[in-house]
Amino acid sequence: MEDAHIAELDLGDGNSVFAVFDGHGGPEVAKFTKNHFCKSLLNSAAYKRKDYKKALEDTFIKMDKLLLSEKGKKELR
């Protein structure tokens, strides 16, 4: 398995995010999530209203949806 990680000290608003994405879905999935996670988090309506727990939950669900989309499948290839 190949993991990917994020260590963003400042998302631009003083918040930080640290995450490890395991490679159970394959290294491509971990890298995909690494590449899209922060942007999706920042664009989350919950994040904008400072509901960070909900924003994280929504962003993980968004990653699943992106991975299953045609664009996401193409990127994984």
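The values are calculated or read from the model by the stated rules, or taken from the named source; none is laboratory data. Note that the coordinates shown come from a computational prediction; the quantities given were computed from them, not determined experimentally. Counting neighbours? That spans all protein chains shown, and the Cβs are built from the backbone with ideal geometry, glycine included. Heavy atoms of the whole protein, side chains included, go into the accessibility calculation; ligands, DNA and RNA do not. Shrake-Rupley method; radii C 1.70, N 1.55, O 1.52, S 1.80 Å.
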Any residue that is touching a residue at least 40 places away in the same chain (Cβ under 8 Å), part of a helix (DSSP H, G or I) and surrounded by 12 or more Cβ atoms within 10 Å (Cβ to Cβ) - is there at least one of those in segment 40-58? no
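Looking at segment 8-30 only, could you name the residues that are of a type outside the set (A, V, I, L, M, F, W, C) and at pLDDT below 95?
At the first step, the residues of segment 8-30 found to be of a type outside the set (A, V, I, L, M, F, W, C) are 8, 10, 12-16, 22-28.
The answer is D22, G23, H24, G25, G26, P27, E28.
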Please go through segment 21-35 and pick out each residue that is open to solvent by 80 Å² or more (accessible area, probe 1.4 Å) and either without any contact (Cβ under 8 Å) to a residue 12 or more places away in the chain or within 10 Å of the chain's Cα centre (by Cα) (or both). K31, K34, N35
Yes/no for L11 being in a helix (DSSP H, G or I), open to solvent by less than 80 Å² (accessible area, probe 1.4 Å) and in contact (Cβ under 8 Å) with a residue 12 or more places away in the chain: no
Could you say whether any residue in segment 62-71 is in contact (Cβ under 8 Å) with a residue 40 or more places away in the chain and open to solvent by 60 Å² or more (accessible area, probe 1.4 Å)? no
